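Here is the structure we will look at, set down as structure tokens.
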Amino acid sequence: MEFNFQFDWQAAIDSLPFLLKGLPYTLLISFAGLAIGFVIGIVFGLMRIGPSRWIRWPAVVYVEVFRGTPVLVQVLFIFYGLPTLLGGPIDALTAGIAAIALNAGAYISEIVRGGVQSIERGQREAGLSLGLSPPQTFRYVIWPQALRRMIPALGNQGIVSIKDTSLFSVIGVGELVRQGQVYIANTFTALEVYFMIALLYLAITLSLSLALSLLERKGLVG
Amino acid sequence: MNDSVNRQEATQASGTSPIVRLAGVNKHFGRLHVMQDIDLSVAQGEVVVIIGASGSGKSTLIRCVNGLEPFQSGRIEVDGKTLLPNGASGKSLQAVRTEVGMVFQQFNLFPHLSIRDNVTLAPRKVRGMTRRQADATADRLLERVGISDQADKHPTQLSGGQQQRVALARALAMEPRLMLFDEPTSALDPEMIGEVLDAMRELVNDGMTMMIVTHEMGFAREVADRVVFVHGGQIVEQGPPDQLFDHPRHERTQAFLSRVLKH
């Protein structure tokens, strides 16, 4: 057996300017998708514990559908499938953001539900007994505590969704992986380029982890 | 001082009508009949202590008074507002809660807020007080319960006894007309029970109307105007503490007291 390869650092560094053009797309899809997904998650997560089955039921269906199907299938459906229904094209960036939002939204719904349900019943009773209305009790007593407990799980979901955006190279969004594929097609430096792409994802996800752990630590005191 | 004078005037103005009146209240937990035709009135300024074994329905009884427990039939009047069965009370529910303070067994302080903010939250959000006004009230009340130097801390940094005194100050900040206590010392280490009872004693001296569920029989005998013994979801016997503790008429009461007073 004879190994005959070498890692070409120069090639890796040379690819960086081209790869970095994909970074804004990766970040945009991730953060826009997660921001919308967070709103969806709050709405459906709270519906999930709502007072009537007519409120709970749609939330259950939404969560099961978008949690139970692959995000790749979801984005393909949105990008290639939906235009047939709508009668007009959907651009790849929008499709990517929508897929992340809907997929992360389903998971975040469950995180929100779990976070709110984890708050002891006595907290709600104390708020109500002081004369706070049920919405005030939720806003000032339950939600701040629930949100704090949700941070680790939300961070986890954020990291998963950021990595999921790499799948959207298949619909031609010029994000990190897509840029890499284009670059490799001309240079045949797959080893170096995918290594650099992995490093870039790691840089994004580590930054997020760090930011969240700071937030969590601050949250314990403040 | 001023407050208790005002209260006496209010009592006279409203005649002798009770501040709390439960009439024919029934509550079921599934097949369990936890409150059976409960009739109970509490007069302005009266201290009523409710005793009974665990599971007798005594906590459920006072939790009905501020609508934390729904009930299935009968009616409850609190300070002129009516609570109806099956959660049909509508707006009077929140109106009652703003007039009725409650102290819980597990304190239930808000762990994400400072001690001061625990006390000011409801006055600011419900009464519309400014932060400055609410802070002034909070600091006065915290001093009264002996916690003034801890106002910037968070609940978990306080002992159980201190937390319960903060819970008392928090309830008093809404200037309630009636205070409910649901086993306020049952979760405390023995050496901290005294400080909480002292704070409650002070409230009794100020003329506060109080309904207290407790296992502290000595305290009950000392502060109660009336002791109510509950068993199996029914009021079995009630009367002045001396009569009920020394000459209980009902055998259930005798049996209960002989168990709790022996040790």
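Every number in this text was worked out from the coordinates using simple rules, so none of it is lab data. Quick caveat: nothing in here was measured; it's all calculated off a predicted structure. Backbone-built Cβ (ideal geometry, glycine too); neighbour counts: all protein chains shown.
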Check the range B:63-82 and report whether any residue there is part of a strand (DSSP E or B) and within 14 Å of chain A (Cβ to nearest Cβ).
-> yes
Kindly check whether there is at least one residue in the range A:55-78 that is closer than 16 Å to A:I151 by Cα, away from chain B (no Cβ under 14 Å) and either of a type outside the set (D, E) or free of Cβ contacts under 8 Å to residues at least 40 places away in the same chain (or both).
-> no
The residue from B:R165, B:R170 that alone is within 27 Å of B:G80 (Cα to Cα) and surrounded by 19 or more Cβ atoms within 10 Å (Cβ to Cβ) is B:R170
Kindly establish whether B:M217 is of a type in the set (A, V, I, L, M) and closer than 30 Å to B:E143 by Cβ.
-> no
If B:Q243 satisfies every condition in (1) in contact with a helix residue (DSSP H, G or I) (Cβ under 7 Å, 6 or more places away or on another chain); (2) polar (S, T, N, Q); (3) free of Cβ contacts under 8 Å to residues at least 60 places away in the same chain but one, which is the exception?
-> (1)
A:L132 vs. criteria more than 17 Å from the chain's Cα centre (by Cα), aliphatic (A, V, I, L, M) and surrounded by 22 or more Cβ atoms within 10 Å (Cβ to Cβ) = yes
Of the residues in the range B:229-260, those that are touching an Asp or Glu at 6+ places or on another chain (Cβ under 8 Å) and under 23 Å from B:M35 (Cβ atoms) come to B:F229, B:Q234, B:I235, B:L244, B:P248, B:R249, B:H250, B:R252, B:T253
Being away from chain B (no Cβ under 14 Å) and under 22 Å from A:R67 (Cα atoms), is that true of even one residue in the range A:131-153?
-> yes
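Return the only residue of A:Q157, A:Q145, A:Q123 being assigned to a helix (DSSP H, G or I), touching a residue at least 12 places away in the same chain (Cβ under 8 Å) and farther than 21 Å from B:K125 by Cα.
Values: A:Q145 fails: farther than 21 Å from B:K125 by Cα; A:Q123 fails: farther than 21 Å from B:K125 by Cα.
Exactly one residue qualifies, and that residue is A:Q157.
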Tally the residues that are under 12 Å from B:L61 (Cα atoms) and in contact with a Lys or Arg (Cβ under 7 Å, 6 or more places away or on another chain), restricting the search to the range B:220-245.
-> 2
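Which ones in the range B:21-39 are crowded, with 22+ Cβ neighbours inside 10 Å and under 14 Å from B:E77 (Cα atoms)? Break it down into steps so the answer makes sense when it comes.
Of the residues in the range B:21-39, the ones crowded, with 22+ Cβ neighbours inside 10 Å are B:22, B:25, B:27, B:35, B:38.
Of everything in the range B:21-39, those that are crowded, with 22+ Cβ neighbours inside 10 Å and under 14 Å from B:E77 (Cα atoms) turn out to be B:L22, B:V25, B:I38.
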In the range A:98-120, which residue that is of a type in the set (S, T, Y) and in a helix (DSSP H, G or I) is farthest from the other protein chains (Cβ to nearest Cβ)?
-> A:Y107
Taking the condition more than 20 Å from A:L28 (Cβ to Cβ), part of a helix (DSSP H, G or I) and not aromatic (F, W, Y), does A:T94 pass?
-> no
